[in-house]
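Written out below as structure tokens is the structure these notes cover.
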Number of protein chains: 2
Amino acid sequence: MGTGRTRALSAREVFAANLKRVRLSAGLSQEKLAARARLHPNYVGSVERSERNVSIDNVEKLARALGVPIAQLLSVPSDREGRQQ
Amino acid sequence: MGTGRTRALSAREVFAANLKRVRLSAGLSQEKLAARARLHPNYVGSVERSERNVSIDNVEKLARALGVPIAQLLSVPSDREGRQQ
């Protein structure tokens, strides 16, 4: 049950949630992911909190570091869609 | 026929090519798309030339203005995949 409708997620929120989910399923800490992507750990943390207007070049670095297609990190997660039913 | 292998496109290049293709199939000029997305026409032009490290917020504005999911603008076009065969 719920409110019957769900606020649309912003692109930042979708990216943040996917990044965290994929990072955790890969068994990586924010520090390890940051090192692989050559980004600062604090930056990765702020991206996962939807605080950053992350650039496409950094989206690409993070996707490569996780070994997933960029589009996968920008797609609304299917469990979110499931919750709307 | 071709070289037998294809350089991997950068995320910027994929986004630029998809943006232009979807914009043209919607029958929109760069100026019209820019107005819809509340961005500067010169900015849209530079994004389509892969010159800009476009932010996720602006990717979202452009996708909304075109009425397509963000992930669609970041996916490698299927005709590009076809060319690799």
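The values are calculated or read from the model by the stated rules, or taken from the named source; none is laboratory data. Not measured: the values here are computed from a predicted model. Every residue, glycine among them, receives a Cβ derived from its backbone with ideal geometry; neighbour counts consider all protein chains shown. Note: accessible area is taken over every heavy atom of the protein model, side chains too, but ligands, DNA and RNA are not part of it. Shrake-Rupley method; radii C 1.70, N 1.55, O 1.52, S 1.80 Å.
Of note:
- Considering the conditions (1) facing chain B (nearest Cβ under 9 Å); (2) under 11 Å from the mean Cα position of the chain (by Cα), A:Glu60 is excluded by exactly one of them, (2).
- Taken over the range A:22-54, the criterion of being open to solvent by less than 20 Å² (accessible area, probe 1.4 Å) and facing chain B (nearest Cβ under 10 Å) is satisfied by A:Val47, A:Val54.
- Taking every residue in the range A:27-54 that is within 19 Å of A:Ser10 (Cβ to Cβ) and pairing it with any residue that is charged (D, E, K, R), at least 6 positions away or on another chain, the pairs with Cβ-Cβ distances below 6 Å are A:Ser46/A:Arg52; A:Glu48/A:Lys20; A:Ser50/A:Arg12; A:Ser50/A:Glu13; A:Asn53/B:Asp57.
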